[in-house]
Amino acid sequence: MLRINGGIGAVGRFYSYKSVRRPNLKVIGSNNAEIQPKTDLGSPTPDGGNGSSLANQLKAKILATGPITVADYMREVLTNPQGGYYMKRDVFGREGDFITSPEISQIFGELVGIWLVNEWRKLGSPSPFQFVELGPGRGTLARDVLKVLTKFKLGAEFSMHLVEISPYLSKLQAQRFCYQHETLTEDAAAQLPHYQVGTTATGSKAFWHKRLEDVPEGFSLVLAHEYFDALPTHKLQLVNGKWHEVLIDVEEKPQNKENEFRYVLSKSQTPVSHVFRPLTEETRSCLEYSLETERQVGLLAQRLEKNGGISLIMDYGHFGEKTDTFRAFKQHALHDPLLEPGSADLTADVDFKLVKNTAESQGNIYCCGPIEQGDFLKRMQGDVRLEQLLAHALPENQEIIRSGYQMLTDPKQMGSRFKFLAMFPGILHEHLEKYPVAGFS
């Protein structure tokens, strides 16, 4: 049960989730060493560019129109063009606020790439195809998968499509795997489905899009790693048999200048809580519901059914049992989500039960999983790849490689917290029963 009062650590507010502290590596292996930008990406400020200004914007909006939803708060804090967390700086790695699996070890990206190639071949190696990634971060996963596709594609033609809203990160991604790239002018981008284009060293074209809807239709291999956790989520609470919504309001009498916002419960049903329909056998009285996740998963399912393809969703999450996972990370530690908006990453665990149900109901989709990350990597022969890397590594790098892989697979670290879910067109159900999906069994 959520009691509305203050932020993290405040008396009266109860959290039902276990704190998930993302790893802060002191050393990153040579394959994933920090890469300095090759060209000027701008000069972002430490607080993300405009933290205090963003707080003032949010306060003005709330004072003018009333409390806002947690989803609206997340959207503004993460993607506001002026002060949004992701918009003007590199938030990943040791110097950022969190580090992701592809940054920890090359084994992660290699095995994901091999999985894509393996499943693509089982479907007859259709060509041409599109390699699509939603929210590519620094571009490390895309770079590692691109290496695998280049090595094993057997002459198939493919293009890359990156769904990225951040102008800063899109440039950083292009520098990871393109030998040349160009950002279109606003007038040109307004007439096209992409705003940036590049060419990889092997000649494949890469395109950057603001939305999944802008990616051209066609047979696609789609990856979403730590993407859905950052989509806006609503917090709902059952009151006298009706769903109400947890909102964010301005703190009337802040204890200090920093604590300017607070949680409140809607007095009546909001538009979202009114239309929300819980899944069968729902027992929670407090939960998180991402309308945007439902929309984008539905869109992805429809595209896979219509055009063919494969999708792999990788994120930390649960299967419909957690209640309150909305939180913030700053400098690799938990942070009050309502404190200094724009200076920390906001996130909520992905409800894979909702994802799976949406995919299967809005499109004729066959889903595998979710399963734990550690199980997937080990079933994909991650231990074998680890031994290969150790055999060719310098003695001083062996412990770095070994500890990185352990972090990815250890149930006490990232191995059980992160889940994998695969999506295929439903017409392949019998085929995949005969030839089981790698990594999931």
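The values are calculated or read from the model by the stated rules, or taken from the named source; none is laboratory data. This is a predicted model, so every value here is computed, not measured. Cβ: placed from backbone, ideal geometry, glycine included. Neighbour counts: every protein chain shown. What goes into the accessible areas is simple: the full protein's heavy atoms, side chains included, and nothing from ligands, DNA or RNA. Shrake-Rupley method; radii C 1.70, N 1.55, O 1.52, S 1.80 Å.
General remarks:
- Per residue solvent-accessible surface (Å²) - segment 310-409, probe of 1.4 Å: 37
- Just the protein heavy atoms count here, and of the accessible area of segment 217-274 at 1.4 Å, carbon and sulfur take up 48 percent.
- Inter-part distance where segment 352-369 and segment 97-118 are each reduced to a Cα centre, Å: 24
- A 1.4 Å probe run over the protein chains yields, for segment 224-302, 50 Å² of accessible area per residue, whole-number rounding.
- Counting charges near Ser170 (Lys, Arg +1; Asp, Glu -1) among other residues having Cβ under 10 Å from its Cβ returns a value of +1.
- Solvent exposure of segment 151-213 amounts to 49 Å² per residue of accessible area, where only protein heavy atoms count and the probe is 1.4 Å.
- Rounded to whole numbers, the Karplus 3J(HN,Hα) couplings from phi for segment 229-242 are 5, 9, 6, x, 10, 9, 10, 10, 9, 7, 10, 6, x, 10 Hz, using 6.51 cos²θ - 1.76 cosθ + 1.60 with θ = phi - 60°, and x at Gly and Pro.
- Rounded to the nearest Hz, the phi-derived 3J(HN,Hα) couplings of segment 358-367 under the Karplus curve 6.51 cos²θ - 1.76 cosθ + 1.60 (θ = phi - 60°) are 5, 4, 6, 8, 9, x, 6, 10, 9, 9, where x marks glycine and proline.
- With a Förster radius of 30 Å applied to the beta-carbon distance between Ser441 and Thr183, the computed FRET efficiency rounds to 0.10.
- Partner aspartates and glutamates for Lys322 [C-alpha distance under 15 Å; skip if fewer than 8 residues away on the same chain]: Asp229, Glu281, Glu282, Glu288, Asp349, Asp351
- DSSP-defined antiparallel bridges as percent of all bridges, segment 100-200, nearest 5: 45
- Full extension of the segment from His429 to Asp410, taken as 0.36 nm per residue of separation minus the current Cα-Cα distance, would add 3.7 nm.
- Set of segment 197-220 residues, backbone N closer than 15 Å to the point 7 Å along the Cα-Cβ line of Lys306: 212-220
- 3J(HN,Hα) from dihedral phi, segment 305-313, Karplus parametrisation 6.51/-1.76/1.60, rounded to Hz, x for glycine, proline: 5, 7, 10, x, x, 9, 9, 10, 9
- Whole-Å distance, taken between Cα centres, linking segment 209-280 and segment 283-311: 15
- Multiplying the residue separation of Gln398 and Glu217 by 0.36 nm and subtracting their alpha-carbon distance yields 60.8 nm.
- Percent accessible area from carbon and sulfur atoms, segment 282-441, protein chains only, probe 1.4 Å: 50
- With all protein chains in place and ligands, DNA and RNA left out, the 1.4 Å accessible area ranks Ser125, Ser311 as Ser125, Ser311, largest first.
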